[in-house]
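Note sheet for the following structure.
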Amino acid sequence: MENEGILKYIMQKILHYIEEGVHVIDRNGKTIIYTPAMAEIEGLEVKQVMGKHLFEIFPSLDNETSTLIKVLETGELINEYKQSYLNLKGKKISTINTTLPIVEDDKIIGAIEIAKNITEVSNLSEKIIKLRQRLIEPDTSKRKIKKHYTFDNIIGMNKSFLKAIAFAKRACKTSSSVLIYGETGTGKELFAQSIHYESHRKDKPFIAQNCAALPETLLESILFGTSKGSFTGALERQGLFEQANGGTLFLDEINSMSLSLQAKLLRVLQEGYIRRVGGLREIPIDVRIIAATNEVPLEAVKKNHIRKDLYYRINVIGIEIPQLRKRKDDITLLIDYFIRHYNEKLSKDVWMISEELLDAFLNYSWPGNVRELQNFIESAMNMVLEEHVIKREHLPSYVEELMLQNSSLNTEKREFVHVNNLGEYLESVERDIIKSYLIRNNNNITRTSKELGLSRQNLQYKMKKYKLNF
Ligand SMILES: Nc1ncnc2c1ncn2[C@@H]1O[C@H](COP(=O)(O)OP(=O)(O)OP(=O)(O)O)[C@@H](O)[C@H]1O
Ligand SMILES: [Mg+2]
């Protein structure tokens, strides 16, 4: 008896504090448990609901639309049912509900509903989809057409790089799926766009979605769209597959997509139609998939980051873009290209970089690849006034140090650092490294924290400490 009392006490505490809302009714439809989280979701007070019949509190519901009553009648579990509705305070709420019967001696004696509030996620999803819609709608308001990349923008003569280009050009003639592998900043998006704009799909949309940037449920509704639920206020919305119809969908960082969503993607690719989340209608689609990964594809498969079946389905044409450090012959070409580019953009008259700097560039490991090189040239050209040659002094000091640290020429130098205050010295090194990674990643905190092996919070703390919020 005493044990039961403790258990009941523990259950009450758990129910009071968990984030999911819980609503339990007895066999007559009367509420016997109603938690504060559920009250928050539905815009009610706990005491308003306790002991009352469901329809007394929610007069707009009936036997058909109430999941709790349905479960009471059928005795069947309703798993992860998504719904959107206006709560009693008029606020639009989206939840994922699981409703299950309580059975004793083969009789249904009640029903439990557990609701997870995904309103925030859902609102975000809507916003993203609306923004995208605006981007790809026909240009009626003389909006500037977004610049896109073509093969003319891809610079490189290295043998293995030319092979990647040859594969990409072949991909323009078909609609087969493409898997692009390359380290960060090697030009995966550049390749994907070039393929699209040189294929017969060029007049249809090219839509890019990063699979690492969003949580699973949000990504799913963005890709496949959502369907009107049985409640008022629910949404009927196209996903990216429908928006990209006839065109190309670029799925970046596919190795970060959850395995269950990868399974759904595979089904879509095999069957040629999609079903909106919560919907039943099969909508035929004709979309070319270009996927990208910054992890060696076979390793990603081995580590279960990419499903094997999906890998075979999307790797019909596999393109590997080599790292910049593996094609040093392209470094000079790219330097010239970016100098010309920024001469025009910044109205400068730069001709070249100094021999000393070229030497450092050729010996540097370029972990951020072409993007990093581009950023270095851009920041140096901003420092140049009337000069025609970019020299060491035009580069920010942390870049210089970074290059020297990584350069094979300078290994001896590092053994002879004289330090008066080790703590301060280490902090200055830490600051410089974080700064260079932030610049390399265009201030993308998620990516920088991942690369540095820090939590986002820890990185943000350090950025504040070193005043790196630019
Ligand atoms: N071969 C190249 N020629 C000219 N510019 C290039 C080349 N490769 C990359 N770039 C430039 O480098 C930058 C990064 O390219 P892109 O965004 O395509 O890289 P990515 O592989 O998608 O990187 P991430 O994995 O970080 O998303 C872009 O500004 C792009 O124009
Ligand atoms: Mg990219």
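Taken together, the values in this text are just the output of simple stated rules run on the coordinates, not laboratory data. It should be emphasised that the depicted structure is a prediction, and the values quoted were computed from it without experimental measurement. Counting neighbours? That spans all protein chains shown, and the Cβs are built from the backbone with ideal geometry, glycine included.
Rounded to the nearest 20 Debye, what is the dipole magnitude of segment 239-307 about its Cα centre when Lys and Arg each give +1 and Asp and Glu each give -1 at the C-beta?
Roughly 260 debye for segment 239-307.
Fully extended, how many nm does the chain gain between GLU19 and ASN382 (0.36 nm per residue separation, minus their Cα-Cα distance)?
Extending this stretch completely gives an extra 125.6 nm.
Per-residue counts of other Cβ atoms within 10 Å, averaged by peptide: what ranking do you get for 163-170, 94-101, 351-358, 289-296, highest first?
289-296, 94-101, 163-170, 351-358
Please find the FRET efficiency linking SER160 to GLU282, where r is the Cβ-Cβ separation and R0 is fixed at 51 Å, and quote it to the nearest 0.05.
0.75
Once you list every other residue whose beta carbon is under 15 Å from the beta carbon of HIS305, what net charge do they have if Lys and Arg are +1 and Asp and Glu are -1?
With Lys, Arg at +1 and Asp, Glu at -1, the net is -1.
At 7 Å along Cα-to-Cβ for each site, give me the label-to-label distance between ARG170 and LEU298 in nm.
With each label placed 7 Å out from Cα toward Cβ, I get 1.8 nm.
Give me the number: length gained by fully extending THR119 to LYS228, i.e. 0.36 nm times residue separation minus the C-alpha to C-alpha distance, one decimal in nm.
Extra length available between THR119 and LYS228 comes to 37.7 nm.
For ASN315, what is the net charge nearby, where nearby means another residue's Cβ is under 15 Å from its Cβ and Lys, Arg count +1, Asp, Glu -1?
Every neighbour counted, the sum reads +3.
For THR186, THR217, what's the fewest-to-most ordering of other Cβ within 10 Å of each Cβ?
The fewest-first ordering by Cβ neighbours comes to THR217, THR186.
Please give the FRET efficiency for LEU100 paired with GLU451, using the beta carbon to beta carbon distance and R0 = 41 Å, rounded to the nearest 0.05.
E between LEU100 and GLU451, to the nearest 0.05, is 0.40.
One quarter of the convex hull surface, Cα atoms only: what value does that give for segment 326-465 in nm²?
9.6 nm²
Of all trypsin sites (Lys or Arg not before Pro) in segment 75-129, which ones are in loop regions per DSSP and have a Cβ with at most 10 other Cβ atoms within 10 Å?
Taking segment 75-129 and a limit of 10 other Cβ atoms within 10 Å, the loop trypsin sites (Lys or Arg not before Pro) found are LYS89.
With charges set only on the Cβ (+1 for Lys and Arg, -1 for Asp and Glu), what does the dipole of segment 13-75 come to about its Cα centre, in debye to the nearest 20?
Roughly 280 debye, rounded to the nearest 20.
In debye, nearest 20: dipole of the chain around its Cα centre with unit charges on the Cβ of K, R (+) and D, E (-)?
Dipole about the Cα centre, nearest 20: 1080 debye.
Net charge near SER160, counting Lys/Arg +1 and Asp/Glu -1 over other residues with Cβ under 13 Å of its Cβ?
Net charge around SER160: +3.
For the chain, give the share of DSSP beta bridges that are antiparallel, in percent and rounded to the nearest 5; count only bridges with both residues there.
60 percent
Given R₀ = 22 Å, what would the calculated FRET efficiency be for SER260 paired with LYS130, taking r from the Cβ atoms and rounding to 0.05?
E between SER260 and LYS130, to the nearest 0.05, is 0.25.
Can you pull out the GluC sites (Glu not before Pro) in segment 146-239 whose DSSP state is coil and whose Cβ has at most 15 other Cβ atoms within 10 Å?
Answer by residue number: GLU236.
Give me the distance between the Cα centres of segment 13-76 and segment 177-192, rounded to whole Å.
Answer, in whole Å: 50.
Between GLU80 and TYR466, what length comes free when the chain is fully extended (0.36 nm per residue of separation minus the Cα-Cα distance, one decimal in nm)?
Answer, rounded to one decimal: 134.5 nm.
Given the peptides 321-330, 149-158, arrange them by the average over their residues of other C-beta atoms within 10 Å, most packed first.
So the peptides 321-330, 149-158, ranked by packing, come out 321-330, 149-158.
Pairs LYS328/LYS462; LYS130/LYS308; LYS228/LYS450; LYS127/LYS147; LYS147/LYS169; LYS70/LYS91: which are spaced more than 29 Å apart, C-alpha to C-alpha?
Flagged as over cut-off: LYS328/LYS462; LYS130/LYS308; LYS228/LYS450.
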